[in-house]
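Single-structure report; data block below.
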Amino acid sequence: MNLIAIDIGNSVMKVAFFLDDKEQQLAVLDLKDEASEGHFCRFLTDCWDQMPLVQSAAEPVKDAAIVVSSVNPEATEQVRRMCRDELGETIKVIGQDVPLPIETGVENPLEVGTDRLVTAAAAYAVVENAVIVADFGTAVTIDLVDESGIFVGGTISPGFEMALAAMHHYTAALPQVPMQKPASVYGVNTAEAMRAGVYWAAVGLLETLCRKYAEELGRWPHVILTGGAAEVFKDDCEFVDSYVPNLSVRGIVIAYKKAIFEADDIERLDDNP
């Protein structure tokens with residue numbers, strides 16, 4: 001399958017180029033950077049130019065698709081416009097044009113966020129058993145998929161930068177500091193104390209929720225850590241089994257494949273009533 005998978009978050013956008021099911025290139029773009037639109041346009045057109053044509057088509061048609069998972073409506077519309085204007089192509093949005101890739105036990109699946117659901121689907125496809133998926137980005141989501149492949153639910157909490165920004169915003173004296181791994185468990189100055197606080201709180205949150213989820217399941221499931229912010233603290237999470245930084249784009253591929261296969265099954269049933 002030939003695919004451009006686009007995962008649009010609140011702060012960054014990941015764009016992966018798959019040719020014959022193999023990932024060829026991956027770009028991570030900062031949505032707050034004014035230069036990102038130009039970078040995305042060049043990356044997009046370069047990847048699309050490499051896509052093969054449908055051999056049997058009378059007119060030149062690419063044997064490929066552009067599939068998007070997004071939690072950012074404004075950025076989604078920008079991507080939709082660019083794909084239309086630059087490539088003459090229509091994007092397929094998961095949750096709208098492509099069905100959600102995993103069964104859920106939540107009240108309203110569309111409110112969960114397709115980023116969480118595609119990531120959970122990718123995790124279950126690898127483990128094929130109960131799995132905890134912890135995604136550290138702008139926000140932190142720690143979700144549980146049971147042994148039957150059902151997305152049970154999870155938690156949402158502030159990410160590192162959000163927590164640090166909140167402390168600065170809601171106090172008179174605490175400074176705005178960027179996140180990095182603290183030098184020690186306790187800070188010897190205000191900035192280090194803030195970093196240590198959010199850092200070890202994240203480790204403790206993840207470990208506690210993994211234990212609570214395990215109690216619900218009756219056993220300790222496989223734990224996968226993902227997301228751009230996870231790199232800074234993954235080595236202090238000994239209870240984590242796997243670190244996969246770009247699991248979401250793999251989930252987009254899984255979602256689209258599942259939709260194609262299910263559509264083919266329906267078509268065969270219609271042909272053979």
Problem - Filter result for I102 (among the aliphatic types (A, V, I, L, M), in a loop (DSSP other than H, G, I, E, B) and more than 11 Å from V67 (Cβ to Cβ)) - result: yes
Problem - Restricting the range 50-66 to residues that are surrounded by 11 or more Cβ atoms within 10 Å (Cβ to Cβ) and of a type in the set (G, A, S), the residue that is farthest from the chain's Cα centre (by Cα) - result: A64
Practice task
For the range 121-163, name all the residues that are among the polar types (S, T, N, Q) and within 13 Å of L209 (Cβ to Cβ).
Solution key: T141, T155, S157
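Just checking, which of G187, G228 is surrounded by fewer than 19 Cβ atoms within 10 Å (Cβ to Cβ) and either under 30 Å from A65 (Cβ atoms) or among the basic types (K, R) (or both)?
Details: G187 fails: either under 30 Å from A65 (Cβ atoms) or among the basic types (K, R) (or both).
The match here is G228.
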Practice task
Could you pull out the residue among V15, V28, V61, V54 that is within 26 Å of V145 (Cα to Cα), out of contact with any Ser or Thr (no Cβ under 8 Å at 6 or more places or on another chain) and of a type in the set (V, I, T)?
Solution key: V15
Completion exercise
Taking the range 1-34 and the residues there that are part of a loop (DSSP other than H, G, I, E, B) and more than 14 Å from the chain's Cα centre (by Cα), the one that is surrounded by the most Cβ atoms within 10 Å (Cβ to Cβ) would be N2
Handout entry: Residue under evaluation E216, criteria (1) at pLDDT 95 or above; (2) more than 15 Å from T141 (Cα to Cα), criterion not met
Key = (1)
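The values are calculated or read from the model by the stated rules, or taken from the named source; none is laboratory data. In this text the structure is predicted, and so the values were computed from the model without any measurement. No Cβ is skipped: glycine too gets one built from the backbone with ideal geometry, and neighbour counts run over all protein chains shown.
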